[in-house]
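The values are calculated or read from the model by the stated rules, or taken from the named source; none is laboratory data. Being a predicted model, the structure only gives us computed values, none of them experimental. Don't worry about glycine lacking a Cβ; one is built from the backbone with ideal geometry, like all the others, and counts go over all protein chains shown. Keep in mind that these areas ignore ligands, DNA and RNA; they rest on the heavy atoms of the full protein, side chains included. Shrake-Rupley method; radii C 1.70, N 1.55, O 1.52, S 1.80 Å.
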Amino acid sequence: MGTLKNGLKAGFGTTWTLGKIIFPITVLVVILQHTPVLPWLVQLIAPFMGIFGLSGEAAIPLVLGNALNLYAGIAGVLSLELTVKEVFIIAVMLSFSHNMFIETGVALKVGVKLWIVLVVRFGLAAFSGIVINLFWKGGGELAQYGITPTVTKDPEGWFQIVLLGLQKASFGVLQLALIVIPLMIFVQFLKDRQYLQKFSKRLAPFTKVIGVQPNASLTLVAGLVIGLAYGAGVMIQAVQEDGVSKKDATLAFIFLVACHAVIEDTLLFVPLGIPVWPLLLIRIITAFVLTILVAFFWKRAEQRKEKEKGAPIIDG
């Protein structure tokens, strides 16, 4: 009973913490979606699409994906006639940078600095788009989509728009609760049975490679399997209770930005008629390389500071 009670307490607490971020942001973005703001953003970004080998209209799914989520971005892709190469570039860019408002809010709650979130996410998206455009010469044929977008009736008037926003926000928090509460009960069960310590030891070689302490292993697994937004419940608890340092939380976040919700996100792109295995490999390789590099330079910077202070340097 103690496990269930503590798990429920952690689950409801996490749902409340994240719900305060998700609910107002969802309402705001839904309202903005039915104002001239998003079309204005599309017009603003369209001239720069050529850098990534994309047509101007490709700004639509990129803006929708970043402002809302991958589902919105994919719906935007399905409304356009694009080549396989264009769809693949959009998919890779959105895999690094999507749902920015909510996932950035979650990252800040974990303790990751805003500039790190923005630089890593937008930087990876832009860099990947440019590199793929330069080095991939194929994919010129039109993409054959396996599904068609669902046509929904647009709300009429501000009352219906706000009501739609409240409905989507409420559903979002409910969905969060249905995932986070059982997850936190399961995590509490693992803690009470001492399984987490054993799990961390087994993952120690993996976490050591990317410069993260073993006590951050559950954070990494949660993010890899269920994503940043839902995995944040485990991240927040780990930072508060398991002694995960801000450095390890930041490194784990950097890894997960490049590679999170690997099963769901990869399967979402299957109907777009693009090669998904290269997409998955790009995310995994990028996650390892980027995190290892950041951890290396972070450690060097710490050693330099210690040297300047004249304190002994402890390696490891």
Fill in: Within the accessible area of the range 1-127 (1.4 Å probe), percent carbon and sulfur
75
Worksheet, complete the sentence: Here the membrane-span-like helices of the chain, with no claim about any membrane, defined by DSSP H, Cα axial extent at least 27 Å and mean Kyte-Doolittle at least -1.0, are 2-33, 114-135, 157-192, 276-309
Response to the item:
The simple spin-label model distance between Val221 and Leu8, using points 7 Å out along Cα→Cβ, in nm, is 2.5
Worksheet item: To the nearest 20 debye, what is the magnitude of the charge dipole of the chain about its Cα centre, counting +1 on the Cβ of each Lys and Arg and -1 on the Cβ of each Asp and Glu?
Response: 1240
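Return the subset of Lys208/Lys305; Lys191/Lys246; Lys5/Lys168; Lys5/Lys247; Lys109/Lys247 for which the Cα-Cα distance in this structure is over 26 Å, preserving the input order. Before the final figure, lay out the partial values.
Numbers: Lys208/Lys305 22 Å; Lys191/Lys246 21 Å; Lys5/Lys168 29 Å; Lys5/Lys247 31 Å; Lys109/Lys247 14 Å.
Lys5/Lys168; Lys5/Lys247, as the Cα separations exceed 26 Å there.
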Worksheet item: Quick one: putting +1 on the C-beta of Lys and Arg, -1 on the C-beta of Asp and Glu, what dipole do you get for the range 1-155 around its Cα centre, in Debye to the nearest 20?
Response: 740
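Would you mind classifying the range 237-308 by shape? Square roots of the alpha carbon gyration tensor eigenvalues, ordered a ≥ b ≥ c; an a/c under 1.5 is rounded, otherwise it is prolate if a/b is larger than b/c and oblate if not. Please list the in-between numbers first.
Values: a/c = 5.94, a/b = 1.96, b/c = 3.03.
Oblate, because a/c is 1.5 or more while a/b does not exceed b/c.
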Worksheet item: For the chain, modelled as a GNM with alpha-carbon contacts under 10 angstrom, which of Lys85, Lys137, Lys201 fluctuates the most?
Response: Lys137
Worksheet item: When ligands, DNA and RNA are left out and all protein chains stay put, how many square angstrom of accessible area per residue does the chain have with a 1.4 Å probe?
Response: 52
